[in-house]
Amino acid sequence: AQSVTQLDSQVPVFEEAPVELRCNYSSSVSVYLFWYVQYPNQGLQLLLKYLSGSTLVKGINGFEAEFNKSQTSFHLRKPSVHISDTAEYFCAVSANDMRFGAGTRLTVKP
Amino acid sequence: DAGITQSPRYKITETGRQVTLMCHQTWSHSYMFWYRQDLGHGLRLIYYSAAADITDKGEVPDGYVVSRSKTENFPLTLESATRSQTSVYFCASRGSSGTYEQYFGPGTRLTVT
């Protein structure tokens, strides 16, 4: 079975600063990789996904992630964050079913 | 409206009672899933279904029962609720081919007193 580790439970950052949310995974088979965002009292919304091809994936709201097979990582980045990016972010890996990391709470301060 | 809906959105029940959480999707997706979300654990899969009348256990199935008589509905039943089942429950669905991307409902916050 696959598993996901999000290396930071909380990431505080100032507005307009860059941010990286780290995600490592393990799997014995090829997987698809996802980042989801959850705003307060809402369900999860897909930010971006890696299926195959280019290892740099661009998503919504200016986020991007890079798939690194040798390091089994899929880190999420944004060059300049906004207050509205404050949310919980989940990395997920999917073979047949989907496994989620424990989440990273991103807090953007003014 | 198209999409995936859950009801109720909030529920308070007592220990030992039976409670059913409903999930309905309008996309005719083959797969449906139930997750629970707890602080520090992210989302954990309770049960999933690959098609009508086909269900399978996930990571944390104990204390839960599911059924899927129709493609669009996937109810989750707690037969005898316990305080440890206090959580936020999310339903999700996806198609049978393609990217494995799942679409999530808004969640049900369940409190067991």
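FYI, it's all coordinate maths here, none of it is from the lab. If you're wondering where the values come from, they're calculated on a predicted model, not measured in any experiment. As a convention, Cβ positions derive from the backbone with ideal geometry for all residues, glycine included, and neighbour counts pool all protein chains shown.
Points to keep in mind about this one:
- Just one of the listed residues (A:ASN61, A:ASN41) is without any contact (Cβ under 8 Å) to a residue 40 or more places away in the chain, in a loop (DSSP other than H, G, I, E, B) and loosely packed, with under 15 Cβ neighbours inside 10 Å, namely A:ASN41.
- For the range A:1-24, residues that are within 14 Å of chain B (Cβ to nearest Cβ) and of a type in the set (D, E, K, R) total 1.
- Those residues of the range A:25-62 which are more than 11 Å from every other protein chain (Cβ to nearest Cβ), among the aromatic types (Phe, Trp, Tyr) and within 11 Å of the chain's Cα centre (by Cα), in sequence order: A:TRP35
- From the options B:SER96, B:SER80, residue that is touching a residue at least 40 places away in the same chain (Cβ under 8 Å), among the small types (Gly, Ala, Ser), within 12 Å of chain A (Cβ to nearest Cβ) and surrounded by fewer than 16 Cβ atoms within 10 Å (Cβ to Cβ): B:SER96
- Between A:ARG99, A:ARG105, the distinction of being of a type outside the set (Gly, Ala, Ser), within 19 Å of A:ASP8 (Cβ to Cβ), in contact with a Ser or Thr (Cβ under 8 Å, 6 or more places away or on another chain) and crowded, with 21+ Cβ neighbours inside 10 Å belongs to A:ARG99 only.
- Within the range A:75-96, the set of residues being surrounded by fewer than 17 Cβ atoms within 10 Å (Cβ to Cβ), assigned to a loop (DSSP other than H, G, I, E, B) and more than 14 Å from chain B (Cβ to nearest Cβ) comprises A:PRO79, A:SER80, A:HIS82.
- Matching residues, the range B:39-77, being touching a helix residue (DSSP H, G or I) at 6+ places or on another chain (Cβ under 9 Å) and either among the hydrophobic types (A, V, I, L, M, F, W, C) or surrounded by fewer than 18 Cβ atoms within 10 Å (Cβ to Cβ) (or both): B:GLY63
- Filtered residues of the range A:55-105 (kept if more than 27 Å from B:SER30 (Cβ to Cβ) and of a type in the set (Lys, Arg)): A:LYS58, A:LYS69, A:ARG77, A:LYS78, A:ARG105
- From the list B:TYR10, B:TYR35, the one residue that fits, being in contact with a strand residue (DSSP E or B) (Cβ under 9 Å, 6 or more places away or on another chain), among the aromatic types (Phe, Trp, Tyr), within 14 Å of chain A (Cβ to nearest Cβ) and surrounded by fewer than 19 Cβ atoms within 10 Å (Cβ to Cβ), is B:TYR10.
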